[in-house]
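To start, the structure itself, in structure tokens.
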Amino acid sequence: MTRIAVVGGGTMGATFIRAVTNAALVDMSDLVVCEVVHERREWLQREFDGIAVTEHLAGALATSDAIYLSVKPQDLDSLPSDSRVGSRLLISILAGSTIAEVEASTGAERVVRAMPNTPAQIGKGFTAWTATDSVTAEERELVSRLLDAMGEQLYVPDESTIDKITAVSGSGPAYVFLIIEAMINAAVNIGLRPDDARRMVLQTVIGSSEFAQHSGEHLATLKDMVTSPGGTTAAGLQVLEQRAVRSALIDAVAAAHRRAVELGQR
């Protein structure tokens with residue numbers, strides 16, 4: 001059983017703890033959380049029965065084989081140095097922080113850079129990851145299983161691909177939420193009750209996504225299945241194309257990618 005120090009007990013740190021313990025990959029007794037905020041430490045102890053919580057990095061590292069680094073990116077440079085970091089597998093989920101930056105700040109040599117997204121909180125996330133050459137095959141298998149517990153995972157050999165995936169799956173939930181919000185507003189505007197509109201739109205998005213995933217058909221084919229010539233869907237799609245919604249989403253992903261690259265070069 002691998003003992004893991006979760007450095008940073010915020011939302012994504014707690015998400016990881018919940019996922020790997022629910023999947024029975026790690027026992028709660030094999031986890032220790034390093035969290036500097038007192039109120040958050042108290043919450044973690046209430047939320048996860050039997051977990052060890054400390055405010056001291058040295059204490060967390062003393063009994064761990066691997067590190068799951070989930071602090072805020074701006075806090076990377078403020079982490080106290082500890083020689084024990086270098087001898088442990090380190091999984092970093094710090095957005096915009098390159099492997100080189102993590103190595104320089106922590107002294108770690110066996111580094112995994114991972115990019116989960118927020119649906120990981122309900123086990124429906126998508127996590128892309130890559131690793132330094134010094135990460136062993138056994139450790140890569142371990143990382144794959146741990147990240148699978150939060151949803152789907154994808155290993156990529158080139159770190160630059162992480163920036164591209166960040167722009168799509170990392171930022172993507174915000175784009176989807178914007179579309180959902182707009183559809184709910186539109187439903188209310190034509191006279192539907194807000195509660196009914198929310199329920200209807202969410203189920204439409206969930207159902208459409210799962211249908212697309214399981215049908216195996218091209219998305220254009222699925223779109224055409226809904227669209228009758230001269231019908232209601234055709235009228236709506238015409239407005240979306242006139243307003244360049246498709247182009248706007250393409251440009252949004254490109255802008256997010258450029259920003260991800262900029263953050264990695266800072």
Evaluate region 245-253: report whether one residue or more is over 30 Å from Ser92 (Cα atoms) and surrounded by 13 or more Cβ atoms within 10 Å (Cβ to Cβ).
yes
Residue check for Leu25: open to solvent by less than 60 Å² (accessible area, probe 1.4 Å), in contact with a Lys or Arg (Cβ under 8 Å, 6 or more places away or on another chain) and at pLDDT below 90:
no
Note on region 80-91: residues modelled with pLDDT of 75 or more and either in contact with a Gly (Cβ under 6 Å, 6 or more places away or on another chain) or over 13 Å from Val135 (Cα atoms) (or both) are Val85, Gly86
Per the filter on region 162-194, residues open to solvent by less than 50 Å² (accessible area, probe 1.4 Å) and of a type in the set (Val, Ile, Thr) are Ile162, Ile165, Thr166, Ile180, Ile184
Looking only at region 135-161, and only at residues there that are among the charged types (D, E, K, R) and in contact with a Phe, Trp or Tyr (Cβ under 8 Å, 6 or more places away or on another chain), the one that is most open to solvent (accessible area, probe 1.4 Å):
Glu152
Is it true that some residue in region 14-21 is of a type outside the set (Gly, Ala, Ser), in contact with a helix residue (DSSP H, G or I) (Cβ under 9 Å, 6 or more places away or on another chain), within 19 Å of Met150 (Cβ to Cβ) and assigned to a strand (DSSP E or B)?
no
Restricting to strands (runs of 3 or more DSSP E) lying wholly in region 65-126: which have 2 or more residues that are crowded, with 18+ Cβ neighbours inside 10 Å, of a type outside the set (Ser, Thr, Tyr) and touching a Ser or Thr at 6+ places or on another chain (Cβ under 7 Å)?
66-69, 111-115
In the list Phe48, Phe16, which residue meets the criterion of being surrounded by 18 or more Cβ atoms within 10 Å (Cβ to Cβ), touching a residue at least 60 places away in the same chain (Cβ under 8 Å) and hydrophobic (A, V, I, L, M, F, W, C)?
Phe16
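The values are calculated or read from the model by the stated rules, or taken from the named source; none is laboratory data. Every value quoted in this text rests on a predicted model; they were computed, and no experiment measured them. Reconstructed Cβ throughout: ideal geometry from the backbone, glycine too, with neighbour counts over all protein chains shown. Please note that ligands, DNA and RNA were not included when accessible areas were found on the heavy atoms of the full protein model with its side chains. Shrake-Rupley method; radii C 1.70, N 1.55, O 1.52, S 1.80 Å.
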